[in-house]
Amino acid sequence: MANIFHMDGMVIFVLLVICTCAYMKRVPRLKQMFLSEKKGFFGALYKAAVIGTRLHLFVSLTAAATGFYLLFIK
C-alpha cells in the first residue's frame, strides 16, 4: 500500500485500474454489476473504463513504457 505514494507506483496503480475497468466493460455481467452507475465510486470506475476503451493505444504504450522502466532502469 505504501508503494502507491511513489510516482511509479501510482502510475502502475492507475494503469491497472484503467485496464481492469476496460476489461470489465467488455464482459456483460461485470458491466451490469460495476459499470451501470455513472456517479460516485462506481462512476469513477465507469470513467476509467471509458478512458481504457477510447485511449487504448496510449494506455498500452504507457503500460509498455512502465514495464520497460521497471525491468531495465529501476
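The values are calculated or read from the model by the stated rules, or taken from the named source; none is laboratory data. Please read these numbers as outputs of a predicted model, since none were measured by experiment. Counting neighbours? That spans all protein chains shown, and the Cβs are built from the backbone with ideal geometry, glycine included.
Descriptive notes on the structure:
- Subset of the range 25-74 [in contact (Cβ under 8 Å) with a residue 40 or more places away in the chain and within 12 Å of the chain's Cα centre (by Cα)]: 59, 62, 63
- Meets criteria (surrounded by 11 or more Cβ atoms within 10 Å (Cβ to Cβ), of a type in the set (A, V, I, L, M, F, W, C), modelled with pLDDT of 95 or more and part of a helix (DSSP H, G or I)) for residue 18: yes
- All positions within the range 21-62 that are outside any loop (DSSP other than H, G, I, E, B), more than 30 Å from residue 74 (Cα to Cα) and among the hydroxyl-bearing types (Ser, Thr, Tyr): 46
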